1. Tell me the accessible surface of Leu46 in square angstrom (1.4 angstrom probe, heavy atoms of protein chains only), to the nearest ten.
2. Where the accessible area of the stretch 80-136 is counted over protein heavy atoms with a 1.4 Å probe, how much of it, in %, is carbon and sulfur?
3. What does the net charge come to around Ser92 if you take all other residues with beta carbon closer than 12 Å to its beta carbon, with K and R at +1 and D and E at -1?
4. Using a Förster radius of 41 Å, what is the FRET efficiency between Ala52 and Ala82 based on their Cβ-Cβ separation? Nearest 0.05, please.
5. With θ set to phi - 60° and the Karplus curve 6.51 cos²θ - 1.76 cosθ + 1.60, what are the ³J(HN,Hα) couplings of the stretch 102-107 in order, to the nearest whole Hz, using x for Gly and Pro?
Amino acid sequence: MDIMKMVTGAVTPMLASKVAGAFGVPDGAVRKLMSVGVPVILSSLLKRSSTAGGMDAIGAALGGMGRDPLDRFGNALSGDAAQVSAAAQGGSDMLSSLFGVGAAGGLAKTLGAYAGVDEKVAGPLLGLAGASALGG
């Protein structure tokens, strides 16, 4: 199974519209950021897994996601804007703990500029990408 296709395919137009509405950005910006963010995060996870303590950190992050992380993630995104924002913030916090605040912030700034959104919005959107990538 191609994990990249599975995770990026989960960002349906309806889901992108819901997330975009919660953050006040265009649907296309959400899809653009997610389509690039997921592969970048997956490759970063692979790199992190080869470092001392990297697998432990990834395991801890996965453990914090509970059973069936993609189902929980999908349920959170099907809720209201507050639930979408909370899921995004949780994913953003997870990325910061895995990669460090500076690296996560730098990634948000770079990919936010690419997608045409402010880095303050890009961070939580990357959190969604990270949670979906890790859950996948």
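The values are calculated or read from the model by the stated rules, or taken from the named source; none is laboratory data. If you're wondering where the values come from, they're calculated on a predicted model, not measured in any experiment. Counting neighbours? That spans all protein chains shown, and the Cβs are built from the backbone with ideal geometry, glycine included. What goes into the accessible areas is simple: the full protein's heavy atoms, side chains included, and nothing from ligands, DNA or RNA. Shrake-Rupley method; radii C 1.70, N 1.55, O 1.52, S 1.80 Å.
1. In the full protein context, Leu46 sits at about 130 Å².
2. 58 percent
3. That works out to -1.
4. 0.60
5. x, 5, 5, x, x, 5
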